[in-house]
Amino acid sequence: MSTLKNLPPPTGGYRGRFAPSPTGPLHAGSLATALGSWLDARKNGGQWLLRIEDLDAPRCTPEATGQIQAQLLACGLYWDEEVIHQSQRQNTYQRALKRLYGLQCLYYCTCSRQTIANALAKLGIETPRNQEMVYPGTCRPATLISDPTESFGQLQRAWRIALPPNCHIEFKDLALGSQSQNLNTEVGDFVLRRSDGLFTYQLAVVVDDAEQNITHIVRGKDLLSNTARQIYLQEILGYKRPEYLHLPLVLDEHGEKLSKQTLATQINTQDEKHSLRELRKAATHLGLQNLPDGENVTIAEWLLAATHSWRS
Ligand code: GLU
Ligand code: ZN
């Protein structure tokens, strides 16, 4: 009977995930995302996977990875299957990049941020400080070719995707409704591999979600503006499009998203009482109502009640 355990899940079944970048322990915001995606998976009788997005090695630490896992377990948010670490999957991303190159939709770019800013200034475009610059296509060759000897070698250059004209992506968010983005005018040809050799979040997340057969992506609303890029990559790589649900962000007293940059304090999971208190706060952020508020409720009981009242 033990072989049963190794069978793949039924096709078409719900598969969700939580994909934190381990730059620090969980704070109120990341716990709310974890809880929302866990509840959505459980409500739908699905699997919930944990993927550690530790591509940006200097910012991600094994300590934080350990802390996040311990915090999730303390909150009763158990995951299915083995944890995947993006830092160990360079070859997979490289293969995807090669495929895109073979499809003649990549080109390399040697622009610095300053070069891009100057090119934009010439076009009379100014980018507000907190916004990403729309790449004006400076390095894009007139004809895209793929050179079979190209090794994506050591040269200091980034690889960008060449968007087709009128690259307008529409999708439906399960919470926010119809969304659309014109990738040409709002993003520009975006980077898949940086000049320092790091694969970007956009490429890695799309490849991993597809390889892990993720059907539902439940994550913070701060990532909403990345979704169109990811859908476009799914389309050219021939992947299925998952469902998307973007959750409300937890803001600090200045109205800013909680993050390690704003020195958000980590959640307290020292014992069951504290963990439950954190879960209750997270549930309030997610808009859950009428959950058992007694002193002696266990985490398991509380999570069951939360699952029942999730998005019903
Ligand atoms: N690793 C990303 C983050 O921590 C989330 C990726 C995703 O859910 O798509 O912000
Ligand atoms: Zn360039």
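Values quoted throughout were computed directly from the atomic coordinates according to the rules given, and no laboratory measurement underlies them. In this text the structure is predicted, and so the values were computed from the model without any measurement. Here the Cβ positions follow ideal geometry from the backbone for every residue, glycine too, while neighbour counts run over all protein chains shown.
For the peptides 145-152, 285-292, 240-247, 15-22, the ranking by packing is 15-22, 240-247, 285-292, 145-152, with the highest mean count of neighbouring Cβ atoms within 10 Å listed first.
Of the two radii for segment 84-175, the radius of gyration is 1.02 times the Kirkwood radius, both from the alpha carbons; that is the Rg over Rh value. Report note on the peptides 226-232, 53-59: ranked by the mean count of other C-beta atoms within 10 Å, highest first, their order is 226-232, 53-59. Between the amide H of W48 and those of G16, D80, distances stay under 5 Å, these residues lying 5 or more places away or on another chain, with hydrogens modeled in the peptide plane. Our summary gives the chain a relative contact order of 24 percent, counting only alpha carbon pairs under 8 angstrom and 6 or more residues apart.
Scanning the chain for cysteines with no neighbouring cysteine C-beta under 4.7 angstrom from their C-beta gives C60, C75, C105, C111, C167. In the structure shown, do any of K98/K240; K98/K172; K43/K221; K122/K257; K221/K273; K172/K221 have a Cα-Cα gap over 25 Å, and if so which? Pairs exceeding 25 Å: K98/K172; K122/K257; K221/K273. Peptides 168-176, 35-43 ranked from most to least packed by the mean count of surrounding Cβ atoms within 10 Å: 35-43, 168-176. Inverting the pair-averaged 1/r between distinct Cα atoms of segment 194-302 gives 16.9 Å as its Kirkwood hydrodynamic radius. A simple rule links phi to the HN-Hα coupling: the Karplus curve 6.51 cos²θ - 1.76 cosθ + 1.60 with θ = phi - 60°, which for segment 176-182 gives 9, x, 5, 10, 8, 8, 8 Hz, with x for Gly and Pro. With Cα atoms as the point set, the chain shows a radius of gyration and Dmax of 20.9, 68 Å.
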